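I have placed the structure first, in the form of structure tokens, so that the comments after it can refer back to it.
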Amino acid sequence: MNREEALKKVYSRSHDVPWQMIDDGIVLLELTSGHYYTLNDVGARIWELLDGEKNIDLITTTLNDEFDAPPETMLLDILELMDQLEKEGLVVTGNE
């Protein structure tokens, strides 16, 4: 997938994944396997933005406004997290 396609990709949280905010992030539970996952504050903010409407470009722009990190680093970290969440079945892709 090229950069342009990656920026247009839209994700949403899987309906089968209960989650709970904690002091320094978020905890996710994948019900089928029973595995727990934790996300730090940046990961938690990404999770909150996964509404099935915002594409990666908009999520990256939002996070760049809220956190102090180089834009390219932020994008690469978001793409890596989304790949991991998708592989674990915690998110699904929507319209591209």
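Using a probe of 1.4 angstrom and keeping all protein chains present, the accessible surface of segment 41-93 works out to 52 square angstrom per residue. A probe of 1.4 angstrom, applied to the heavy atoms of all protein chains, finds Leu31 with accessible area near 100 square angstrom. Counting Lys and Arg as +1 and Asp and Glu as -1 over every other residue whose Cβ lies under 12 Å from the Cβ of Leu90, the net charge comes to -3.
Computed on the Cα trace of segment 28-76, the radius of gyration divided by the Kirkwood hydrodynamic radius gives Rg/Rh = 1.05. Using only Cα coordinates, the Kirkwood hydrodynamic radius of the chain works out to 13.5 Å.
At 0.36 nm per residue, minus the direct Cα-Cα distance, what do Thr38 and Lys8 gain on full extension? Give it in nm, one decimal, please. Kindly include the intermediate steps, with their values, before the conclusion.
Values: separation 30, 0.36 × 30 = 10.80 nm, distance 2.59 nm.
Extra length from Thr38 to Lys8 when fully extended: 8.2 nm.
Rg and Dmax over the alpha-carbon atoms of segment 1-56 stand at 12.7, 36 Å.
Charged side chains reduced to their Cβ positions (Lys and Arg at +1, Asp and Glu at -1) give the chain a dipole of some 260 debye around its Cα centre.
By accessible area, using a 1.4 Å probe on protein heavy atoms only, the chain has 47% of its surface on carbon and sulfur.
Counting each DSSP H run of 4 or more residues in the chain as -39500 (n - 2.57), what helix-only mean residue ellipticity at 222 nm follows after dividing by all residues, to the nearest 500 deg cm²/dmol? Result for the chain: -13500 deg cm²/dmol, rounded to the nearest 500.
Derived scalar couplings between HN and Hα for segment 15-21 equal 5, 8, 10, x, 8, 9, 5 Hz in order, rounded to whole Hz, by the Karplus curve 6.51 cos²θ - 1.76 cosθ + 1.60 (θ = phi - 60°), x for Gly and Pro. Relative to the current alpha-carbon distance between Asp83 and Ile22, full extension at 0.36 nm per residue lengthens the span by 19.7 nm.
The values are calculated or read from the model by the stated rules, or taken from the named source; none is laboratory data. These numbers were taken from a predicted model, which means no experiment stands behind them. Cβ: placed from backbone, ideal geometry, glycine included. Neighbour counts: every protein chain shown. SASA here: full protein model, heavy atoms, side chains in, ligands and nucleic acids out. Shrake-Rupley method; radii C 1.70, N 1.55, O 1.52, S 1.80 Å.
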